[in-house]
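The values are calculated or read from the model by the stated rules, or taken from the named source; none is laboratory data. Keep in mind the model is a prediction, meaning the values are calculated, not measured. All Cβ positions, glycine included, derive from the backbone under ideal geometry; neighbour counts span all protein chains shown.
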Amino acid sequence: MELWARVDAFSGSVRDRAVLLTRWLTRSNFAVFPGPSDDLAAAAASPLLRHLWEALPNELGWISTVDHKRIGTRYIVTGFVFFVLGGIEALVLRIQLARPENTLLDPATYNELFTMHGTTMIFLFVTPLLSGFGNYFVPLLIGARDMAFPRLNALGYWIYVLSGAFMYSSFLASAVPQGGWFAYVPLTGREFSPEAGMDFWTLGLLFLGLSTTAGAINFIVTIFKLRAPGMALSRMPLFVWNILVTAFAMLFAVPSLTVAAALLELDRTIGTHIFDSTAGGNPLLWQHLFWIFGHPDVYIIFMPAVGLVSTIVPVFSRHTMVGYLWVALASVTTIIFSFGVWVHHMFATGLPPLALSIFSAASMMIAVPAGLQVIAWIVTIFVGRPVWKTPFLFVAGFLVLFLLGGLTGVMVAALPFDWQVTDSYFVVAHFHYVLFGGSVFPIFGAFYYWLPKMTGRLLDERLGQINFALMFVGFNLAFFPMHIAGMLGEPRRTYTYPAGMGLDGLNLLETVGAFLLALGILIFIMNVLYSERHGAVAGDDPWRANTLEWATSSPPPPYNFATIPTVYSRDPLWDRQSERTTIAEPEALRLGRRETLASSVMDARPELLMRVPADSIWPAFVALSIGALFLGALAGSLALAIIGAVTLFLGISGWLWPAERPL
Amino acid sequence: MRVLVRGGLPAEVPRGGTDTLDAGIAPAWWGMLLLIATEATIFALLLSSYVYLGFASGSGWPPAGMKRPELSLPLIGTLLLLGSSVPMVWAEAGVRAGNVGRLRLGLALALVMGGAFLGIQALEYSHKAFTPQTNAYGSLFYIITGFHGLHVFVALVMNAVLQLRAALGHFGATRSLAISVVGLYWHFVGTVWIFILALVYLGPYLIGRAT
């Protein structure tokens, strides 16, 4: 308890500041943290720990594993596959638009491709891939051995991959959704979209929503309960803060998509009239419901990426994050604001001017916390000593692109301007700057930063620089001209345009840029494949970073930490005082138990050694039975739905049945 | 008692397996709380849609020509559903005191009351003069009450599983977490009904209408 009192006493930012000031003055911004397994007892225990935590080395182990690192890796790999698919769709669209009155695609195919491009990138790529980083790194960053609900975590992944396959199977059924990623009624209702494409879309998203919700609950409980002792909320890494606020946004935003999609599907299949203006319904309700989800979703995509930036900036600036508290609070504020701005997607729908003005003001207000974060990053870079490695290049690129996207964001938040450019390529340019520039660039930075931890090998720096240069130049070539094309009046989602309207050159440039961008991504894939075998060995902490994931080996052992660390500051690995303490592993082993430490929500005082469930076949089983339910709904097959419901009940019962005899 | 190799953790950190934890500490309890938060949002959005379409309809809500909902059956149902939380609480307190018999009796009582609520809802449906296909009001009436009914059904299934596990001797004074967690869900399903009753059943009587 004496030591615990010491941890408590070390709360003051005064002390933090003094330490940092000293380091700054002495030009040694970081201290060397003792390597992993420095504790002899723990080292002796680690083969036994490995035995407890490792999945079976066969197919059964592959399908039943609940290791958050394997699940996280699967999310990232699957998300990247969808990124490539959505990218190929985008390239086909760009080839079609490369010259006027092109006939490569007919209008219907064009509609299918832009619908699937948007749906894939938003729902199947960015969100799950960022969840993958969260899955892999949140337990490592907070010094835990797994997520709070490891089996739920596995279920989330299986549902995600099945729902993705579900939506993409629409290509096999030749019934690809055509309604755009926000699927406005009445276009997507039964009358105007009688074919099954929209059913794939609505049911697929309902299916996927289960995964997102399960993930959100898991993240919140993990972050609240499983932080290492001493990691009070005020010492939590900013990436974890951002995953936390994102999870809350998911928790309250996804229901709106669920309600919207379910109501649309009911309208389409059993003939209810929710969106039918001839029978008391209202199509505008769809837009409200969709954007009450859709706008927070923009931040669900963006906030984890902001967390990645706040992770990379201090490490490569060799300086602790400036304005930590402000950055954390800005994330919280942004997420709260994001629930109050959805109508800015509906400025052109004829709502009352007062409502529009309020939402316009709210939308501009959201730039305040965003600007605050940008300033904090720039100041951190300014006072630090930047090291221009590839992860930092992507973050620098992000800062430029996000600034541009943010500026056009404030422009389209202004009503008269929005009325001018709504549904034009200006809007396409704006949201690609904030989503691709704001989210995908940090994701690539995180690839270069964190893949060494995951694979044990560094990515090649030279290829990384080429990768970044091609992506940055290609991105700007592809999307900057869209601002101009939009101002000139080129409407989005139109499969072609006539020659001689000033759009020919711009569109050709955009297509060239898109291919350069794709080439950059191709080089990234080559870099990963090459470095996987021939890359320099990363070691535990190649970047001499500040957070706990670097205090274990690369790749981390199945149990993450042989000893659970104790945390004394925001930068535990730059802090000499952070020594690791340990739980008596040999005893845990004797009991044959997988355990991690649960702690109190606010100040992370240890509460109990929590049992962590073992690998289980039930998550995959439950995901399959839910899949059967949705397939039954899609095919209108009652038999299939009943099979799904019964197996679902059996699966959940098997899952929740206690594994051990009562004490 | 845990043996600590080197400082850091207080020696008295307890060990917990499934079902043995106190509600406020257990991740499962937190998980249920968050599930309830997201489910409550779904209900809030459905009820908002009901209010939105009502305001937009222009001919009253339910629309002109449709009767206001009959109240006697739903009010009996309300008493049963909200009342069923009492044996749930009683059962939970029972198992905490080590009385598994009280747990099983309380669960059974709650199951019967919840089941009766569903029966009354089915009876009410059979008397209705409209279907989900009649108009948007009809659609939302059935969607909201039906979705709630589905939640009651799920709560009943959970209750039955707990009953089975109680019969197999899974619960006792120090093993009651599952009861607390299901109890939380049970009370949530009742609480949501208060809002549905207020907006869908009582609302049309409180707010003037066109006809």
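The table that follows gives values for the structure above.
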item	result
Residue within the stretch B:56-68 that is part of a helix (DSSP H, G or I) and modelled with pLDDT under 85 present	yes
Any hit, the stretch A:300-317, residues being surrounded by 24 or more Cβ atoms within 10 Å (Cβ to Cβ), in contact with a helix residue (DSSP H, G or I) (Cβ under 8 Å, 6 or more places away or on another chain), of a type outside the set (S, T, N, Q) and within 14 Å of another protein chain (Cβ to nearest Cβ)	yes
Residue under evaluation residue B:111, criteria (1) touching a residue at least 60 places away in the same chain (Cβ under 8 Å); (2) under 24 Å from residue A:657 (Cα atoms); (3) not polar (S, T, N, Q), criterion not met	(1)
Failed item, numbered, when residue A:131 is tested on (1) among the small types (Gly, Ala, Ser); (2) touching a strand residue (DSSP E or B) at 6+ places or on another chain (Cβ under 6 Å); (3) modelled with pLDDT of 95 or more	(2)
Filtered residue count, the stretch B:63-83, keeping only those that are more than 9 Å from chain A (Cβ to nearest Cβ) and either of a type outside the set (A, V, I, L, M, F, W, C) or closer than 16 Å to residue B:134 by Cα (or both)	12
Residue that is farthest from residue B:41 (Cα to Cα), among those in the stretch A:213-229 that are touching a Leu at 6+ places or on another chain (Cβ under 9 Å) and among the polar types (S, T, N, Q)	A:218
Positions within the stretch A:501-528 being more than 23 Å from the chain's Cα centre (by Cα) and without any contact (Cβ under 8 Å) to a residue 12 or more places away in the chain, in sequence order	A:505
The lone exception for residue B:168 - which of (1) at the interface with chain A (Cβ under 10 Å from one of its Cβ atoms); (2) over 21 Å from residue B:97 (Cα atoms) it fails	(2)
The stretch A:93-111, residues that are surrounded by fewer than 16 Cβ atoms within 10 Å (Cβ to Cβ), among the hydrophobic types (A, V, I, L, M, F, W, C) and part of a helix (DSSP H, G or I)	A:95, A:108
Lone qualifier among A:379, A:395 - being closer than 24 Å to residue A:445 by Cβ and buried (at least 20 other Cβ atoms within 10 Å of the Cβ)	A:395
Residue count, the stretch A:456-471 (criterion: in a helix (DSSP H, G or I) and either surrounded by fewer than 19 Cβ atoms within 10 Å (Cβ to Cβ) or among the hydrophobic types (A, V, I, L, M, F, W, C) (or both))	9
Condition met for residue A:520 (of a type in the set (Gly, Ala, Ser) and surrounded by fewer than 23 Cβ atoms within 10 Å (Cβ to Cβ))	yes
Candidate set: the stretch A:494-522, residues that are touching a Phe, Trp or Tyr at 6+ places or on another chain (Cβ under 6 Å) and within 21 Å of residue A:113 (Cα to Cα); chosen: the one modelled with the highest pLDDT	A:517
Output for the stretch A:418-476, where each listed residue is within 23 Å of the chain's Cα centre (by Cα) and β-branched (Val, Ile, Thr)	A:427, A:428, A:434, A:440, A:443, A:455
Matching residues in the stretch A:318-353 - criterion: being hydrophobic (A, V, I, L, M, F, W, C) and within 18 Å of residue A:285 (Cβ to Cβ)	A:339, A:342, A:343, A:346, A:347, A:348, A:351
Residues (part of a helix (DSSP H, G or I), surrounded by fewer than 21 Cβ atoms within 10 Å (Cβ to Cβ) and touching a residue at least 60 places away in the same chain (Cβ under 8 Å)) located in the stretch A:167-199	A:168
Search result, residues across the stretch A:267-287 that are more than 18 Å from residue A:351 (Cβ to Cβ), without any contact (Cβ under 8 Å) to a residue 24 or more places away in the chain and facing chain B (nearest Cβ under 7 Å)	A:270, A:272, A:273, A:274, A:279, A:280
Residue count for the stretch A:472-529, restricted to those that are small (Gly, Ala, Ser) and in a helix (DSSP H, G or I)	9
The listed residue being at pLDDT below 95 and away from chain B (no Cβ under 14 Å), out of A:118, A:179	A:179
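Per-residue answers, yes or no, for (1) outside any helix (DSSP H, G or I); (2) within 29 Å of residue A:264 (Cβ to Cβ); (3) within 12 Å of chain B (Cβ to nearest Cβ); (4) touching a His at 6+ places or on another chain (Cβ under 8 Å):
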| position | (1), (2), (3), (4) |
| --- | --- |
| A:208 | no, yes, no, no |
| A:213 | no, yes, yes, no |
| A:227 | yes, no, no, no |
| A:247 | no, yes, yes, no |
| A:251 | no, yes, yes, no |
